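As structure tokens, the structure follows; a few thoughts come after it.
A short reminder: the numbers here are calculations on the coordinates, not readings from a lab. Since the model is a prediction, treat every value here as computed from it, not as a measurement. Ideal geometry is used to build each Cβ from the backbone, glycine not excepted, and the neighbour counts take in all protein chains shown.
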Amino acid sequence: MKKVLITGWRWMLAYDFTKLFSDRYELVSLSSSDLDIKNFQEVERKVSEIQPDVIINCAAYTKVDDAEDIGMKDNYDVNSLWVYNLAKVSSTMDIDFITISTDYVFFGDTEKWYVETQNEHPINQYGMAKYLWEKLALWENKNSIIVRTSWLYWWGMSYKNFVNTMIQLGSKLDSLKIINDQYWNPTNCKDLSIAIWELLENIEKYRWQKLHFSNTTENHGITWYDFAQEIFSQNAISVEAIPCTSSEFPTKASRPSYSKLINNSDIQLRNWKEGLKDYLDNL
């Protein structure tokens, strides 16, 4: 049985992957409290002790606005230095390394989608740290695989995500303003976990590649407003959804206006509406 080390245990992707595939692999899951990510020697010692066949890095700093100032050091420690340490250690031990990146590595200023080979151009500190994360992983370990995804949700009503927030607010309010000028793909964590499982089963095909794993959408993606409307519809929630621009909700960090990810691999995720229905059926 293949041994898989998963970092970022408290993050929803690690949780869901473990829940789905604990019977298929020998899984070892670590959280930040189990390992000092900034200490190369400690990372080396821990990985050597576990001796995994594959490392899946799910750890991430995701406070996009804080990454611009008060959280900048944590952002680069987790989203760049941590990956460098893991990639370097896994390379010396000939371990496959899968790490999860983001659509925020792209500029996103034109009405287009992004393929795996597109040039990166991040517009905020979070995206820049992830951009460095990708470069360091591929530089240090020839067996690295970059999985880019966007806007994850899952893990039930106890977890804070956009779907849960819309259900809660839509059930309480008569009307709700929702941003309608940022286009992307949502991603059901269960679907992403299954895609990573398929990747693991044929890992030799995908080494040193960038892959885009998100639920499929029509045209150039959907907006927060589109996503919310579908959430309300599938839940039969009667609330007036009012489309608005992102300028009405200013943030410290700039966001790409268009960041739909196109997946050109043979591992495909289902349509976003099917993924959402599955999530809602399982709440």
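DSSP loop chymotrypsin sites (Phe, Trp or Tyr not before Pro) in the range 200-283 with at most 14 other Cβ atoms within 10 Å of their Cβ, which ones?
Numbers: sites: TYR206, TRP208, PHE213, TRP224, TYR225, PHE227, PHE232, TYR258, TRP272, TYR279; in loops: TYR206, TRP208, PHE213.
Sparse-neighbourhood loop chymotrypsin sites (Phe, Trp or Tyr not before Pro): TRP208.
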For the chain, the longest site-free run once GluC sites (Glu not before Pro) in DSSP loop states with at most 12 other Cβ atoms within 10 Å are removed
1-110
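With charges only on Cβ, +1 for K and R and -1 for D and E, what is the dipole size of the range 83-234 about its Cα centre, in debye, rounded to 20?
Working: 13 positive and 18 negative charges, 81 e Å.
Its charge dipole is roughly 380 debye.
Provide the net charge surrounding PHE249, with neighbours chosen by a C-beta distance below 14 Å and charges set as Lys +1, Arg +1, Asp -1, Glu -1. Don't skip to the answer; put the middle values down first.
Working: positive: LYS177, LYS252, ARG255; negative: ASP65, ASP181, GLU248.
It works out to a net charge of 0.
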Starting from the Cα of GLU248, step 7 Å along the direction of its Cβ; do the same at LEU280; then give the gap between the two resulting points in nm.
2.3
Low-density loop positions, trypsin sites (Lys or Arg not before Pro), the range 136-231 - DSSP coil, at most 16 other Cβ in 10 Å:
LYS142, LYS160, ARG207
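Around ARG148, under 11 Å between beta carbons, what's the net of Lys plus Arg minus Asp minus Glu among the other residues?
Working: positive: LYS130, LYS210; negative: ASP103, GLU116, GLU120, GLU134.
Net charge around ARG148: -2.
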Positive-end extreme of charge dipole, the chain - chosen from LEU132, ILE178, CYS189 (charges on Cβ)
LEU132
Please get the size of the charge dipole for the range 31-162, origin at its Cα centre, with Cβ charges of +1 on Lys and Arg and -1 on Asp and Glu, quoted in debye to the nearest 20.
80
Listed here are the pairs LYS73/LYS252; LYS135/LYS190; LYS2/LYS88; which of them are more than 18 Å apart at the Cα?
LYS135/LYS190; LYS2/LYS88
Could you tell me which residue out of SER22, ASN57, ASN85 lies farthest along the dipole of the range 3-94 toward its positive end? Charges go on the beta carbon: Lys and Arg +1, Asp and Glu -1, centred on the Cα centre.
SER22
Suppose a student asked you for the relative contact order of the chain, using Cα pairs under 8 Å spaced at least 6 residues apart; what percent would you report?
21
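Cut-off is 10 Å between beta-carbons; in what order do THR217, THR102, THR117 appear when sorted fewest neighbours first?
Working: THR217 20, THR102 26, THR117 7.
Ascending number of Cβ neighbours within 10 Å: THR117, THR217, THR102.
With +1 on each Lys and Arg Cβ and -1 on each Asp and Glu Cβ, how big is the dipole of the chain about its Cα centre, in debye rounded to the nearest 20?
Working: 29 positive and 39 negative charges, 43 e Å.
Dipole magnitude for the chain comes out near 200 debye.
Just to be sure I understand: of the beta bridges DSSP finds with both ends in the chain, what percent are antiparallel, rounded to 5?
Of the beta bridges lying entirely in the chain, close to 5 percent run antiparallel.
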